[in-house]
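Following: one structure in structure tokens, then a few remarks.
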Amino acid sequence: MPAARKIAFIGSHSVRKTNAVHSFAGAVGRSGRSVEVGREVVRFSPMGMNERATPEAQLWVIMAQIREELELRGRAEVLVLDRALIDNFAYFLRATKGQDPFDVTPLVARWSTTYDLYVRLRPDTPLLADGVRSTNERFRNEIEKILDMILPKFVPPDRLIELWASEVTDSYDWPSLVERLCGPPLRGEVVQRPISDALTLWD
């Protein structure tokens, strides 16, 4: 199977990325295309996360993101990702105070061209405690500012869509986003495909 069409839902934390991932993946499946979902890798980190994450912890996340995408890219026609390398890079830069002690910037620049579409979700909803992510609004705002700075440098504008977190609802026009990524609807009878959440190296 050729490499999948790849879309990533990006942003800071608590902006409904995971909700958007599953809503969009469901729309892809209903369009008759096979779909694989990539999970947020930081949740599997053995090195800590949020405000106190070290540069080494964020380097682990960057490497894990690439590994997950390589593992999943041939499993379905469409790969839907909960984060991309670029927003994990934002957390890395926050942890390193803007420095690049491991020289990952060239890798981030090259890898950022491998996504067919990005959807950035901007925060207009309250931070909610989920037992994992920080509820510190200042921390989230710091990540948003870094994203504002780096996205124009690494992400082609014609591959970036921006939505407010509050727009992530069942009533959003997910089929039009599927068409933008995948092209016109399939002809003939469409057989709905299930969302695949296959085992990865994390399982």
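Just so you know, all these numbers are worked out from the coordinates, no wet-lab data involved. Small disclaimer: the values here were computed from a predicted structure and weren't measured. Positions of Cβ are backbone-derived with ideal geometry, glycine not excepted, and every protein chain shown enters the neighbour counts.
Quick rundown of the values:
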quantity	calculated
For Gly32, distant residues with modelled amide H under 5 Å away	Arg193
Rounded D (µm²/s) - region 102-190, Kirkwood Rh over Cα pairs, Stokes-Einstein at 20 °C, 1.002 mPa s	135 µm²/s
Karplus (6.51, -1.76, 1.60) ³J(HN,Hα), θ = phi - 60°, over region 61-67, in Hz, Gly and Pro reported as x	5, 4, 5, 5, 4, 5, 4
Selection from Ser14, Ala109, Pro123 lying farthest towards where the dipole of the chain points positive, charges on Cβ	Ala109
Residues of type lysines that Lys6 reaches as a straight line, Cα spacing below 16 Å, ignoring anything fewer than 8 places off in the same chain	Lys17
Cβ charges +1 (Lys, Arg) and -1 (Asp, Glu), total dipole of the chain, debye	160 debye
Net dipole in debye of region 31-137 [+1 Lys, Arg Cβ; -1 Asp, Glu Cβ; about Cα centre; nearest 20]	20 debye
GNM top mover of Arg110, Arg133, Arg30 - the chain, alpha-carbon springs below 10 Å	Arg110
Phi to ³J(HN,Hα) by Karplus 6.51 cos²θ - 1.76 cosθ + 1.60 over region 92-107, Hz, x for Gly, Pro	4, 5, 5, 5, 9, 6, x, 8, 10, x, 10, 6, 8, 4, x, 5
For region 13-25, 3J(HN,Hα) per residue [Karplus equation, 6.51 cos²θ - 1.76 cosθ + 1.60, θ = phi - 60°, Hz, x = Gly/Pro]	8, 6, 10, 6, 4, 5, 4, 5, 4, 6, 5, 5, 4
Relative contact order of region 5-196, defined on C-alpha pairs under 8 angstrom at six or more residues apart (%)	40 percent
Long-range HN-HN contacts of Trp164 with modeled amide H, under 5 Å	Arg122
Nonlocal amide H pairs with Leu81, under 5 Å, H built at 1.01 Å	Ile7, Ala8, Phe9, Gly38
Spatial separation of Cα centroids for region 155-182 and region 37-66, in angstrom	25 Å
The chain: equivalent-ellipsoid semi-axes (sqrt of 5 x gyration tensor eigenvalues, Cα, Å)	28, 18, 16
Residue-averaged [θ]222 nm for the chain, counting only DSSP H segments that reach four residues, each worth -39500 (n - 2.57)	-12000 deg cm²/dmol
